[in-house]
1. Can you pull out the strands (runs of 3 or more DSSP E) entirely within segment 2-91 that have at least 2 residues that are in contact with a helix residue (DSSP H, G or I) (Cβ under 6 Å, 6 or more places away or on another chain)?
2. From the set of residues in segment 257-299 that are among the β-branched types (Val, Ile, Thr) and under 22 Å from the mean Cα position of the chain (by Cα), which is nearest to Cys139 (Cα to Cα)?
3. How many residues, within segment 45-75, are within 10 Å of the ligand (Cβ to nearest atom) and crowded, with 18+ Cβ neighbours inside 10 Å?
4. Among the residues in segment 140-148, are any outside any loop (DSSP other than H, G, I, E, B), surrounded by 22 or more Cβ atoms within 10 Å (Cβ to Cβ), of a type in the set (Val, Ile, Thr) and within 12 Å of the ligand (Cβ to nearest atom)?
5. Residue under question is Leu157, and the condition is that it be within 12 Å of the ligand (Cβ to nearest atom), on the phi < 0 side of the Ramachandran plot and buried (at least 23 other Cβ atoms within 10 Å of the Cβ); does it hold?
6. Say we look at segment 65-89 and pick out the residues that are without any contact (Cβ under 8 Å) to a residue 60 or more places away in the chain and touching a strand residue (DSSP E or B) at 6+ places or on another chain (Cβ under 6 Å); which of these is farthest from Leu166 (Cα to Cα)?
7. If you take the residues of segment 124-139 that are within 7 Å of the ligand (Cβ to nearest atom) and hydroxyl-bearing (Ser, Thr, Tyr), which of them is nearest to Ala153 (Cα to Cα)?
8. Grab the strands (runs of 3 or more DSSP E) fully contained in segment 298-374, keeping just those with 2 or more residues being out of contact with any helix residue (DSSP H, G or I) (no Cβ under 6 Å at 6 or more places or on another chain) and of a type in the set (Gly, Ala, Ser).
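Bear in mind these aren't lab numbers, they're just calculated from the coordinates by the rules spelled out. These figures come from a predicted structure and were not determined experimentally. Glycine also receives a Cβ, built like all others from the backbone with ideal geometry; neighbour counts cover every protein chain displayed.
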Amino acid sequence: MSDNLMRLDTPGHDVVVQVADRAESPLGVVIASLGEYPVYDEAAYALMGRDEVRNAAYRAAIAATVEGRTVVDIGTGREALWAVTSARAGARHVYAIEEMPDNAALARRAVAEAGFADRITVLEGSTGTVELPERVEVCISEIIGTIGGSEGAAAVLNGAAERYMLPGAAYIPLRCATTIGAVDLSGIAPEGITAYERDHVRYLEMIFAAMGGPFDVRTCVSGLRCTPYLTDQAEVEHLELTGAATASGSDARTLTVRRDGRLHGLSLGVRLWVDAGQDPIDSTDASTSWFPVWVPVSAEGVPVRAGDRVRVEFGWRPAADGIHPDYRLSGRIERADGVPAAFTWDSPYRGSGFRGDDFHRTLFPAPAPADPAP
Ligand SMILES: C[S@@+](CC[C@H](N)C(=O)[O-])C[C@H]1O[C@@H](n2cnc3c(N)ncnc32)[C@H](O)[C@@H]1O
């Protein structure tokens, strides 16, 4: 097998993926959007631990909010990061919930090492089943996905508000939105987006193992941050993270093309309002741990002119697990110089199709037939 193809360790399924090193083609390689799956490992937490844009906003919000109050930290992670930060900031007691058992055990160790075993209780399990011994005054969470709601923030935080929180409770973060803008790859990834980042292939294996087999996972292009958009950006999927999030909905928006070019796809980002008085974090114009999601439209690029319109409809609704959304984006490119071009992108949480479109067939070439038995 060539150096650019890897056979995945997916028992019962023969899956081959096209790979490249990020250094070779920083804008042409994708990684899986992984935050919505139970595959958090040391490297994933380390990435968030280095995200100073995110962390500075959380530290400031926690310092301003928790002193003398009771707190729940939803999805505390293996370092119990915001639970320990809250205890240091004077929280009276913190309940730190983590659904991945190994990471909950590590969180318990981190709490003990930080000397807060008396003021932080680590509870292993999902918020769907974990109960708190008392209602609390502050809810801290960081379950914001590469698409704002993709980690289940709407369902999880609505449930938390109902079952965990006292009236008048404070929430960190407050709200989020997903951003959409169209991208012309011509000047930045002329070969197109054709390969997975080699070092990230293990997450594909972990996701396929956790979810029962291969499917077309949504992908992120880490190098697309801070890329000039071909159109303006619009916000969709506004989620109030204070117990009033819309768990299913649909938003129609019109994007206007800013310059002549070719439309290859759309990039989805996150805007996150961590605390009142702070500017939102925008994952498309700052270097954060949220990578832009790639919505492929056309490998060759649809020719467009300044002033053309892209009408998009962005919908989300809970998948079969009742928590993580299935997404659908449909669009129509209205061109002064050409016939309209329509496109649809379905991105379910756990889709049933694999290699269902040209984009995924390029990333996952058909495996060569096995050699005949001698
Ligand atoms: C994005 S990470 C954040 C980790 C850490 N709080 C931080 O900000 O660095 C999300 C964490 O939440 C956990 N998680 C997600 N949904 C959860 C739920 N419903 N109940 C408990 N834990 C959850 C995941 O396993 C993961 O550890």
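1. Values: elements: 5-7, 16-20, 29-32, 70-74.
Qualifying strands (runs of 3 or more DSSP E): 16-20, 29-32, 70-74.
2. In this case the residue turns out to be Val274.
3. Of the residues in that region, 8 qualify.
4. Checked segment 140-148: at least one residue is outside any loop (DSSP other than H, G, I, E, B), surrounded by 22 or more Cβ atoms within 10 Å (Cβ to Cβ), of a type in the set (Val, Ile, Thr) and within 12 Å of the ligand (Cβ to nearest atom).
5. Working: within 12 Å of the ligand (Cβ to nearest atom): yes; on the phi < 0 side of the Ramachandran plot: yes; buried (at least 23 other Cβ atoms within 10 Å of the Cβ): yes.
So Leu157 fits the description; yes.
6. This residue is Ala80.
7. Among them, the one singled out is Thr127.
8. Details: elements: 302-304, 309-318, 325-334, 341-347.
Result: 325-334, 341-347.
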